[in-house]
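Participant: Next up is a structure, given as structure tokens.
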Amino acid sequence: MLRGRGVSPGRAVAPVRHLAPALPEPDPTEVIPTAERAAEASAIEWASVAVADQLRSRTVQATGETRAILDASRLLASDPELVSEATALVRSKGRSAARAVWETAGAHERGLTALGGRMAERAADIRDVRDRIIAEILQVDLPGLPESDEPFVLVATDLAPADTAALEGGACVALVTEQGGPTSHTAIIARSLGLPAVVGAIGASGIDDAAMLLVDGDRGTVEVDPPESRIAEARADAVVVPFDGVGELADGHRVPLLANVGGAADAETAAAAGAEGVGLFRTEFCFLDRVDAPTVDEQVAAYRGVLAAFAGRKVVVRTLDAGSDKPLPFANSDAEDNPALGVRGLRIARRSPQLLDDQLRALALAAAAESAQVEVMAPMVATVEEAGDFAARAHAAGIDRVGIMIETPSAALLAAELFEIVDFVSLGTNDLAQYTLAADRLLSELGDLNDPWQPAVLRLIGMVGEAGRAARKPVGVCGEAGGDPALAPVLVGLGVTTVSMTSRSLGRVAAALRTASMEECVAAARAACGAATAHEARDAASAVLLDGHPA
Ligand code: PEP
Ligand code: MG
């Protein structure tokens, strides 16, 4: 049994598949003796035929977009130019087969990148085909996500956001990583896909290839080769609590329950799950794999996909929150020593104001074309000037309702002044905890500090709630705290007016809110805020909510 941190709830059981590591660059100094070059060159020809065959058989089984992608890769794999240039390198210079494919693909990739635009995006396809051919030549596993139609538990040291996003609709049933924290984007995407996940499971990379794993995302455990009875149990309880579409307290006080989404597919799932609107649309998730900034037209299309799923209802869109654990190549070019404290979120507009203005224009155009009630907010605001500048730009672009996220202690402390500028705020409790406790949210070792139950975080939330009440303006929560059924009544008691979460949590949070009146929520909030530790805050709140009296 391995122990880590459960970051996405539920249990799943399936055989393990390891994320294969990136291929190392083949040795440039190796020289193949002349007599062996013909055989070495033919390895490239064989490998490209084998790869094209594998892709052909996968194409037959695939549908829609996946089919088109596989078909394009198959054509690249058997591209006569790629193969003949690589074999020529072996024959003339004595490069190894793998090295020759590496160099030839590199030259093609540079050519495409130089052309820019759509052609530049093909560079990733070239790298994919390069890796497939080299893996075939060397007879090693293909790097990246396993290609499997059978259910599997994915085990990795860590996952890049793009890897995790590519899991949608696949056969992966759970995630286990050695690194990563509870609010890393791996964890967030796992929750939105409804995949149980455990991070910080030290030793997971060493699990035997033939093992069966039972992942428990609530308890943070990974059982290797569990007994049959445990497997049967786990299969029985993969159930989501349904939501009837109305968030309210026991006394009928309305608390709209909204969804966090990253794109159109997510939004459709959220609408089907009964979400009353979208409380956080993470727009950067639409462009994680982009090398160049998306055009205004491309952005309008991506945003309309989300707005269309919530016709007539509220959709809170967040402008690009690039940087830190989700760098976007077109927005964050420099390496920084402390990226979480660096030029991320709204701060990118200091360097690239046009990127923000284009996005605001695209959002105004998308809003005009759809009937959803669009509200736009900025991430990582720390000062009143930043909020003022953002609001002015958003209004100039034609956005009516403008807000900010409260993710820094500075913004929480300045909430009253910020409410003079914006129409609403939304608490990003993931970052608020990270910055209040000064603990990197990606480090599983510090997971206990990245906890919204920490009294310092609760007290800051309470200050924001108080300022919202005084200004008579809405205070949302869109961090992962919003999806915790035990915490949601406390947040409402602290003055939070809407709660946004991954759509799979809606039913459980709705059920928890229906058990408490506003008076009880306020009492629970007071008890939790008065506690000295996160542990005591949890106990104090549940003593009020479950037992009806303070601990
Ligand atoms: C947050 O910080 O709580 C938040 C909702 O934003 P993200 O998780 O995308 O940083
Ligand atoms: Mg954040």
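Participant: Do we have any residue at all in region 402-416 that's free of Cβ contacts under 8 Å to residues at least 12 places away in the same chain and more than 25 Å from the chain's Cα centre (by Cα)?
Facilitator: Taking region 402-416 as the starting set, the residues that turn out to be free of Cβ contacts under 8 Å to residues at least 12 places away in the same chain are none.
The answer is no; no qualifying residue exists.
Participant: Something else: For region 139-166, which residues satisfy the criterion of being touching a residue at least 60 places away in the same chain (Cβ under 8 Å) and within 26 Å of Ala41 (Cβ to Cβ)?
Facilitator: In the first step, residues of region 139-166 are kept if they are touching a residue at least 60 places away in the same chain (Cβ under 8 Å); the result is 140-157, 159, 161-163, 165.
Listed by number, the residues that qualify are Val140, Asp141, Leu142, Pro143.
For every residue, the table says whether it meets (1) at pLDDT 95 or above; (2) open to solvent by less than 10 Å² (accessible area, probe 1.4 Å).
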site: Thr502; (1), (2): no, no
site: Ser505; (1), (2): no, no
site: Ala510; (1), (2): yes, yes
site: Ala528; (1), (2): yes, yes
site: Thr533; (1), (2): yes, no
site: Val544; (1), (2): yes, no
site: Gly548; (1), (2): no, no
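Participant: Further question: Taking region 416-433 as the search range and keeping residues that are away from ligand 1 (no atom under 15 Å from the Cβ) and not in a helix (DSSP H, G or I), which one is farthest from Glu375 (Cα to Cα)? Give the derivation first.
Facilitator: Applying the first criterion (away from ligand 1 (no atom under 15 Å from the Cβ)) to region 416-433 yields 416-423.
Checking which are not in a helix (DSSP H, G or I) leaves us with 420-423.
Values: Glu420: 17, Ile421: 15, Val422: 11, Asp423: 9 Å.
By that ranking, first place goes to Glu420.
Participant: Ok, one more. Which residues, taken from region 371-389, are in contact with a helix residue (DSSP H, G or I) (Cβ under 6 Å, 6 or more places away or on another chain) and among the hydrophobic types (A, V, I, L, M, F, W, C)?
Facilitator: Of everything in region 371-389, those that are in contact with a helix residue (DSSP H, G or I) (Cβ under 6 Å, 6 or more places away or on another chain) and among the hydrophobic types (A, V, I, L, M, F, W, C) turn out to be Ala372, Val374, Val376, Ala378, Met380, Val381, Ala382, Val384, Ala387.
Participant: Which of the residues that make up region 440-458 are within 23 Å of Lys326 (Cβ to Cβ) and either at pLDDT below 95 or in a helix (DSSP H, G or I) (or both)? Quick ask: steps written out before the conclusion?
Facilitator: To start, the set of residues in region 440-458 that are within 23 Å of Lys326 (Cβ to Cβ) comprises 440-447, 449-452, 457.
Residues satisfying the conditions are Asp440, Arg441, Leu442, Leu443, Ser444, Glu445, Leu446, Gly447, Leu449, Asn450, Asp451, Val457.
Participant: Follow-up. Scan region 434-483 residue by residue and report those that are out of contact with any helix residue (DSSP H, G or I) (no Cβ under 6 Å at 6 or more places or on another chain), of a type in the set (A, V, I, L, M) and near ligand 1 (Cβ under 10 Å from one of its atoms).
Facilitator: Hits for region 434-483: nothing passes.
Participant: Moving on to the next point. Out of region 289-304, which residues are at pLDDT 95 or above and open to solvent by 20 Å² or more (accessible area, probe 1.4 Å)?
Facilitator: Of everything in region 289-304, those that are at pLDDT 95 or above and open to solvent by 20 Å² or more (accessible area, probe 1.4 Å) turn out to be Thr295, Val296, Asp297, Glu298, Val300, Ala301, Ala302, Arg304.
Participant: Could you tell me which of the residues Arg67, Arg127, Arg91 is without any contact (Cβ under 8 Å) to a residue 60 or more places away in the chain, surrounded by fewer than 20 Cβ atoms within 10 Å (Cβ to Cβ), more than 22 Å from Arg290 (Cα to Cα) and not acidic (Asp, Glu)? Walk me through how you get there before you give the answer.
Facilitator: Numbers: Arg67 fails: more than 22 Å from Arg290 (Cα to Cα); Arg127 fails: more than 22 Å from Arg290 (Cα to Cα).
Just one listed residue meets the conditions, Arg91.
Every residue, every condition in (1) in contact with a Cys (Cβ under 9 Å, 6 or more places away or on another chain); (2) more than 28 Å from Pro329 (Cβ to Cβ); (3) open to solvent by less than 30 Å² (accessible area, probe 1.4 Å), yes or no:
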{"residue": "Leu213", "(1), (2), (3)": "no, yes, yes"}
{"residue": "Gly217", "(1), (2), (3)": "no, yes, yes"}
{"residue": "Thr221", "(1), (2), (3)": "no, yes, yes"}
{"residue": "Asp225", "(1), (2), (3)": "no, yes, no"}
{"residue": "Glu228", "(1), (2), (3)": "no, yes, no"}
{"residue": "Ile231", "(1), (2), (3)": "no, yes, yes"}
{"residue": "Asn260", "(1), (2), (3)": "yes, no, yes"}
{"residue": "Ala265", "(1), (2), (3)": "no, no, no"}
{"residue": "Cys286", "(1), (2), (3)": "no, no, no"}
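Participant: Only one residue in Ala439, Ala415, Ala470 is over 25 Å from Val509 (Cα atoms) and open to solvent by 40 Å² or more (accessible area, probe 1.4 Å), so which one is that?
Facilitator: Values: Ala439 fails: open to solvent by 40 Å² or more (accessible area, probe 1.4 Å); Ala415 fails: open to solvent by 40 Å² or more (accessible area, probe 1.4 Å).
That would be Ala470, the only listed residue that is over 25 Å from Val509 (Cα atoms) and open to solvent by 40 Å² or more (accessible area, probe 1.4 Å).
Participant: Right, here's the next one. For region 370-386, give me the residue count where each residue is of a type in the set (Gly, Ala, Ser), within 16 Å of ligand 2 (Cβ to nearest atom) and either open to solvent by 50 Å² or more (accessible area, probe 1.4 Å) or closer than 18 Å to Asp423 by Cβ (or both).
Facilitator: 1
Participant: Which of the residues that make up region 155-170 are at pLDDT below 85, in contact with a helix residue (DSSP H, G or I) (Cβ under 7 Å, 6 or more places away or on another chain) and either of a type in the set (Gly, Ala, Ser) or open to solvent by less than 50 Å² (accessible area, probe 1.4 Å) (or both)?
Facilitator: Leu159, Pro161, Thr164, Ala165, Leu167
Participant: When only residues in region 194-210 that are assigned to a loop (DSSP other than H, G, I, E, B) and over 13 Å from Val16 (Cβ atoms) count, which is most open to solvent (accessible area, probe 1.4 Å)?
Facilitator: If we filter region 194-210 for residues that are assigned to a loop (DSSP other than H, G, I, E, B), which is where we start, we get 194-196, 200-203, 207-210.
Now drop any that are not over 13 Å from Val16 (Cβ atoms), which leaves 194-196, 200, 202.
Details: Gly194: 16, Leu195: 18, Pro196: 9, Gly200: 12, Ile202: 123 Å².
The extreme case among them is Ile202.
Participant: Take Val173 and decide whether it is out of contact with any helix residue (DSSP H, G or I) (no Cβ under 9 Å at 6 or more places or on another chain) and either under 30 Å from Leu112 (Cβ atoms) or open to solvent by 20 Å² or more (accessible area, probe 1.4 Å) (or both).
Facilitator: Working: out of contact with any helix residue (DSSP H, G or I) (no Cβ under 9 Å at 6 or more places or on another chain): yes; either under 30 Å from Leu112 (Cβ atoms) or open to solvent by 20 Å² or more (accessible area, probe 1.4 Å) (or both): yes.
Considered against the rule, which asks whether it is out of contact with any helix residue (DSSP H, G or I) (no Cβ under 9 Å at 6 or more places or on another chain) and either under 30 Å from Leu112 (Cβ atoms) or open to solvent by 20 Å² or more (accessible area, probe 1.4 Å) (or both), Val173 comes out as yes.
Participant: Which members of region 412-433 meet the condition of being within 16 Å of ligand 2 (Cβ to nearest atom) and under 12 Å from Ala378 (Cα atoms)?
Facilitator: Once the filter is applied, which keeps residues that are within 16 Å of ligand 2 (Cβ to nearest atom) and under 12 Å from Ala378 (Cα atoms), region 412-433 yields Val425, Ser426, Leu427, Gly428.
Participant: Cβ-Cβ distance below 7 Å, separation of 6 or more or different chains: which pairs start in region 313-331 with a residue that is closer than 19 Å to Leu427 by Cβ and free of Cβ contacts under 8 Å to residues at least 40 places away in the same chain and end on one that is within 12 Å of ligand 2 (Cβ to nearest atom) and open to solvent by 10 Å² or more (accessible area, probe 1.4 Å)?
Facilitator: Once the first residue is closer than 19 Å to Leu427 by Cβ and free of Cβ contacts under 8 Å to residues at least 40 places away in the same chain and sits in region 313-331, its partners that are within 12 Å of ligand 2 (Cβ to nearest atom) and open to solvent by 10 Å² or more (accessible area, probe 1.4 Å) give Ser324/Ala340.
Participant: If you check Gly493, Gly462, which single one turns out to be of a type in the set (Gly, Ala, Ser), crowded, with 24+ Cβ neighbours inside 10 Å and more than 16 Å from ligand 2 (Cβ to nearest atom)? Break it down into steps so the answer makes sense when it comes.
Facilitator: On the way: Gly462 fails: crowded, with 24+ Cβ neighbours inside 10 Å.
From the options Gly493, Gly462, the qualifying one is Gly493.
Participant: Only one residue in Val425, Val464, Val492, Val475 is in contact (Cβ under 8 Å) with a residue 60 or more places away in the chain, touching a strand residue (DSSP E or B) at 6+ places or on another chain (Cβ under 9 Å) and over 19 Å from Ser192 (Cα atoms). Which one? It would help to see each step written out before you state the result.
Facilitator: On the way: Val425 fails: in contact (Cβ under 8 Å) with a residue 60 or more places away in the chain; Val464 fails: in contact (Cβ under 8 Å) with a residue 60 or more places away in the chain; Val475 fails: in contact (Cβ under 8 Å) with a residue 60 or more places away in the chain.
After applying the criteria, what remains is Val492.
Participant: Out of region 109-147, which residues are within 21 Å of Leu167 (Cβ to Cβ) and hydrophobic (A, V, I, L, M, F, W, C)?
Facilitator: Ala124, Ala135, Leu142, Leu145
The values are calculated or read from the model by the stated rules, or taken from the named source; none is laboratory data. In this text the structure is predicted, and so the values were computed from the model without any measurement. Every residue, glycine as well, gets a Cβ built from its backbone with ideal geometry; the counts of neighbours run over all protein chains shown. Note: accessible area is taken over every heavy atom of the protein model, side chains too, but ligands, DNA and RNA are not part of it. Shrake-Rupley method; radii C 1.70, N 1.55, O 1.52, S 1.80 Å.
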